[in-house]
Structures are given as structure tokens and as C-alpha cells.
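What follows is a set of notes on a single structure, which appears directly below.
The values are calculated or read from the model by the stated rules, or taken from the named source; none is laboratory data. No experiment lies behind these values; they were computed from the predicted model shown. Every residue, glycine among them, receives a Cβ derived from its backbone with ideal geometry; neighbour counts consider all protein chains shown.
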Amino acid sequence: MMDRIPTAIAGLDELTGGGFVRGDVILITGSPGCGKTTFGLQFLYRGAVDYGERGIFVTLEESPARVIRNVWQFGWGIERLVKENKMRILRADPVAYTHYIPNHRNNDTAHIDIGSAMVETISKQIEQQVKEIGAKRIFIDSITSLKIAQNELQVRFTILELIKNLENLECTTVISSEICPGTSLYEAFSVEEYLSEVVIRMHVFRSCGTRVRAVEILKMRGGRHDETMRPYAIGDSGLVIYPRETVVDGGIANMAAVL
Ligand SMILES: Nc1ncnc2c1ncn2[C@@H]1O[C@H](COP(=O)(O)OP(=O)(O)O)[C@@H](O)[C@H]1O
Ligand SMILES: [Mg+2]
């Protein structure tokens, strides 16, 4: 029997057949503003408050202060959780690495690329924090930042390395990944999508002048899952998925994607 944990996202347990499988790596993809950060922080915040699972939040883009401020409106007191050791925030700045690494290069390490160095450092930091507070959940926001200044092969290796390290920690991990606006909905899977056990894609469409948000589970290894695009909303208490509703009658064919 696979051990399941509540996703802490309203409506999502129903679509995943009872939650996430403990220890899995779950990828959340979508365009900017679709709600990936909200998803991940809800997974951590509600996970800690409602289910007693402590969490590590790794932010590679936004400053912790900004993130904390943004989710305050949902009633999520992140700072209190941090004070109570129920959550830890790790700030990793990929841009800083691009300055730092070349300065410390010598002949022996000239072959080291930025991605591997970042992943090694970040993995060690995450592991230490996980041990310190006994964390069960991790959210990494976002993996897209690890792709800077690298060629395709390096990106593949970097992300493979990170996911492998995360799988050793016995935590359930959510990773966000940005899809560039304008990218086709049905493009081939990206590297991180191949490597994650679960892939959830969030869409924002425009239909008759109205913004429509919809989520679909593209992949969930080793389990039955819903295959329909389901509407979701971001409201006063965070993200809510409507697991029994469909997006529009007649499918999404009439909608112009604003991805
Ligand atoms: N109280 C709210 N009511 C409705 N929508 C909200 C509210 N707060 C934030 N949002 C929406 O959430 C989005 C931000 O989500 P975020 O998780 O930061 O997205 P991402 O990380 O994918 O860029 C904004 O585009 C905004 O439309
Ligand atoms: Mg975000």
C-alpha cells in the first residue's frame, strides 16, 4: 500500500485518488501569475497547521519578505510558523552564483558548471534544515531559475541531480516550473516533467473576456488520477479546485489561450 498524504489543496485529493504519495516529487507548471507559488505555500502552510507536517520553503526568485507579505491576505502567518520551527525558509539566489563561482575557480575546478554547484549547495542546505526541524514537506520555487547560463545537457543533469537528492530525503516535494507565455499547450514534456512522478499543469485562458483558470493532472506515476481539466480559483483562503466541474461546455477549443 502506498502511503498517501493530504495535498492541502481544496479539491485536489479527490482528483489524485486520495492525496500525494508520500516521498514523491510533484511538479507544478504554468505561466506567470497562474498560482504556482500560492499552490506550494498552501501545501506547506496547511500541511503544517492542519496535518502537523513541517515544511521547508526554498525560494529562488522572490524574496522571503515579499512572499510572506503576498500570502498574508490568505490568513497564512508564515512568520509565526517559522518562529515555532514548523517552517523554514531558504533563500537561494541563482544570480549570485553566476558572480560567485568564476571568482573561486582554479584550474582544477574550471569544469564545474554553475548548475551543479548550485544544486550541491542547495541540496545540502535543504537536507540540514529538514533534519533540524524534522520536515516532511518541501516546496522549491522555482526550478526555472536553475536553468540560467547552462546548455541543454547541463540543465538536464542539474535537474536530475536535484531530484535525485530530494528523493533521498523522505519528504514529499512540490517544485514549481515556469512555462513561457506563448508556449504551446501541447509541447513536448520538459526535462523536469519527465523526471517528476507527478505533473500538474495550471492554465489561464481568456473566454469571452473572462479569465478562466483550469488545472489538469498530466501525469501521476503508479496511480489512477483524473484526466479532465478542472476549474480552480484563488480566493480569500487560497487555492480551490472544483473537482467535479468542467471548464466550459464543449471543451476548451473555443478559448484563446493566453498562456
Ligand atoms: N485574493 C485574491 N483573489 C483572487 N486572486 C488572487 C488573490 N490573491 C492573488 N490572486 C491571484 O494569484 C496570482 C498570483 O499567484 P502566484 O501564486 O504568485 O502565481 P505564480 O507563482 O504562478 O506566478 C495573481 O495573478 C492573482 O491573480
Ligand atoms: Mg511564483
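Key figures for this structure:
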| read-out | value |
| --- | --- |
| The stretch 133-173 - residue that is within 29 Å of A48 (Cβ to Cβ) and touching a Pro at 6+ places or on another chain (Cβ under 8 Å) and, of those, surrounded by the fewest Cβ atoms within 10 Å (Cβ to Cβ) | S145 |
| Any hit, the stretch 12-23, residues being among the charged types (D, E, K, R) and more than 21 Å from H203 (Cα to Cα) | yes |
| Close pairs (6 angstrom Cβ cut-off, 6 or more residues apart or separate chains): away from ligand 1 (no atom under 16 Å from the Cβ) in the stretch 11-37, among the hydrophobic types (A, V, I, L, M, F, W, C) and not in a strand (DSSP E or B) anywhere | V21/M2; V25/I163; V25/L166 |
| Matching residues in the stretch 39-62 - criterion: being surrounded by fewer than 19 Cβ atoms within 10 Å (Cβ to Cβ) and within 13 Å of ligand 1 (Cβ to nearest atom) | E61, E62 |
| Residue among V174, V215 that alone is within 28 Å of I114 (Cβ to Cβ), modelled with pLDDT of 95 or more and within 16 Å of ligand 2 (Cβ to nearest atom) | V174 |
| Filtered residues of the stretch 34-63 (kept if within 9 Å of ligand 2 (Cβ to nearest atom) and among the acidic types (D, E)) | E61, E62 |
| Pair list, Cβ under 7 Å, 6 or more apart: the stretch 165-177 residue within 11 Å of I138 (Cα to Cα) and assigned to a helix (DSSP H, G or I), other residue at pLDDT 95 or above and of a type in the set (S, T, Y) | L166/T173 |
| Qualifying residue in the stretch 195-211 (condition: surrounded by 15 or more Cβ atoms within 10 Å (Cβ to Cβ), modelled with pLDDT of 95 or more and more than 17 Å from the chain's Cα centre (by Cα)) | no |
| Residue satisfying all of: in the stretch 6-33; within 12 Å of the chain's Cα centre (by Cα), within 16 Å of ligand 2 (Cβ to nearest atom) and not hydroxyl-bearing (S, T, Y); nearest to E197 (Cα to Cα) among these | I26 |
| Q73, sole failed condition from (1) more than 16 Å from M220 (Cα to Cα); (2) away from ligand 1 (no atom under 16 Å from the Cβ); (3) out of contact with any Leu (no Cβ under 6 Å at 6 or more places or on another chain) | (2) |
